[in-house]
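Notes to accompany the following structure.
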Amino acid sequence: MKVLLLCGSHPRHEYLLRDLISSYSEVHFSAFIMNREALIPPFPKQDSTPTKAQEILFAEHFRLRSKIERETFGLDDVSIHKRKQNFSYQHVAKDEINSVQFQKQISQLAADICLVMGFGMLNADTLGVLPK
């Protein structure tokens, strides 16, 4: 069986991938890891006049999320599996995930199933080339 994995690069995403890959040695996994925003992102631009309390709450939320993710899921990424025969991966930028080139790469893998977690928004054309 061939499994296509589309996931983000945050520790919670890569933890799930590491666990999945370790659990099924008879499955071939091909992963595309979308480089996500920083674990502690800047305040959203659409809110041009945040209050001081909003800024503090936003910063504290993401600081705690980052700390808890690292403590819970570790810092290892999927590259710890790079020597496994049943696993291949590559990183993809957010602005590439709906490109014709990316769609061709997915199609050529001829995967039986696709799992998506923490990946960017896929358009209809990209969804159309995923396994049914």
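The values are calculated or read from the model by the stated rules, or taken from the named source; none is laboratory data. If you're wondering where the values come from, they're calculated on a predicted model, not measured in any experiment. Because the Cβ atoms are built from the backbone with ideal geometry, glycine has one as well, and the counts that use them run over all protein chains shown. Note: accessible area is taken over every heavy atom of the protein model, side chains too, but ligands, DNA and RNA are not part of it. Shrake-Rupley method; radii C 1.70, N 1.55, O 1.52, S 1.80 Å.
Some notes on this structure:
- Check on GLN46, assigned to a helix (DSSP H, G or I), without any contact (Cβ under 8 Å) to a residue 60 or more places away in the chain, of a type in the set (S, T, N, Q) and open to solvent by 70 Å² or more (accessible area, probe 1.4 Å): no
- Restricting region 95-125 to residues that are β-branched (Val, Ile, Thr) and more than 16 Å from ILE33 (Cβ to Cβ), the residue that is least open to solvent (accessible area, probe 1.4 Å): ILE113
- Remark: ALA53 falls outside the filter, which requires a residue to be farther than 15 Å from LEU4 by Cα, within 20 Å of the chain's Cα centre (by Cα) and among the aliphatic types (A, V, I, L, M).
- Residue match in region 83-92 (condition: open to solvent by 90 Å² or more (accessible area, probe 1.4 Å), at pLDDT below 90 and over 13 Å from the mean Cα position of the chain (by Cα)): yes
- Hey, ARG63 surrounded by 12 or more Cβ atoms within 10 Å (Cβ to Cβ), charged (D, E, K, R) and without any contact (Cβ under 8 Å) to a residue 40 or more places away in the chain or not: yes
- Among the conditions (1) in contact (Cβ under 8 Å) with a residue 24 or more places away in the chain; (2) within 18 Å of HIS10 (Cα to Cα), the only one that ALA111 does not satisfy is (2).
- One residue alone among ASP47, ASP95, ASP125 is modelled with pLDDT of 90 or more, over 14 Å from the mean Cα position of the chain (by Cα) and among the acidic types (Asp, Glu), and that residue is ASP125.
- In this structure, ILE56 does not qualify as among the aliphatic types (A, V, I, L, M), over 25 Å from THR126 (Cβ atoms), surrounded by fewer than 18 Cβ atoms within 10 Å (Cβ to Cβ) and touching a residue at least 24 places away in the same chain (Cβ under 8 Å).
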